[in-house]
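A.B. asks: Below you will find the structure I want to go over with you.
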Amino acid sequence: MPFISFEGVEGCGKSTQMRLLAERLRGRGGAVTATREPGGTPLGERLRAILLESRSALDPLAEWLLFEADRRQHLAEVVRPALAAGAWVLCDRFSDSTEAYQAAGRGLDAALIAEVDARVRDGVCPELTLLYDLDVAEGLARTRRRDAREGRFESEDLAFHERVRRRFLEIARREPLRVVVVPAQADAPAVFEETWRIVSERFAP
Ligand code: TYD
């Protein structure tokens, strides 16, 4: 079954869309592994705490390498076994987040990231990436309504988040067969109609 990743800026609603898709697929008898990055494994959840909650300064290169370590373990422990078992794998963020946040956001070398990330993935790539596109100020306002505490990335300035959004859209233009842009302004049920249309047209579940 396919590997589908969910991407977008903070507060774009991708996690809700992923949950709704998992429910719909399971309701139709599909085997679904719903997972996330960072996280998804015991090591990953520990890395997640360091990466998202830590108030201490984290060197950008160290931060990036922790995301890659998380991904490698997640692929080995969760993603590859689930794909081998014939499950749908739905992943909340994957390699496009690394390009958007660490290359465009933090300014790290995109070519180096692409090279190392390809080694980490070792041939695994989502068949479909749903990119939920939303104005960054609107997305950040949504996350603040949900949780007043700000994580490492939410507290970055608007320009950082604009770079992230622009890079996601560039990735979609570069890889139009894999990445589908879904406008995320509407409410969750309306956005889900679009999510389902795209997934059902492509995979006929
Ligand atoms: P996430 O759980 O996706 O939060 P939200 O759903 O609130 O956006 O948070 C993951 C954070 O980690 C998000 O701010 C983006 C960041 N991130 C990176 O910077 N690089 C990566 O490679 C990944 C997977 C995530």
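A.B. asks: What residues have an amide H closer than 5 Å to that of Arg36, excluding those fewer than 5 places away on the same chain, when H is modeled at 1.01 Å from N in the peptide plane?
C.D. replies: Asp92
A.B. asks: If you take the beta carbon distance between Glu175 and Ala141 as r and set R0 to 30 Å, what does 1/(1 + (r/R0)^6) give as a FRET efficiency, to the nearest 0.05?
C.D. replies: The value I calculate is 0.50.
A.B. asks: Under unit Cβ charges (Lys, Arg +1; Asp, Glu -1), what dipole magnitude, rounded to 20 debye, does the stretch 84-152 have relative to its Cα centre?
C.D. replies: 420 debye
A.B. asks: Can I ask one more? Where the only charges are on Cβ atoms (+1 Lys, Arg; -1 Asp, Glu), what is the dipole of the chain about its Cα centre, to the nearest 20 debye?
C.D. replies: For this selection, approximately 480 debye.
A.B. asks: Continuing with this model, one more query. Shape of the stretch 130-203 from its Cα gyration tensor (a ≥ b ≥ c, root eigenvalues): rounded if a/c is under 1.5, otherwise prolate when a/b > b/c, or oblate?
C.D. replies: oblate
Any read-out appearing in this document is the output of simple, stated calculations on the displayed coordinates, not a laboratory observation. Nothing here was measured: the structure is a model prediction, and the numbers come from that model. So basically every Cβ, Gly included, is an ideal-geometry build from the backbone, and we count neighbours across all protein chains shown.
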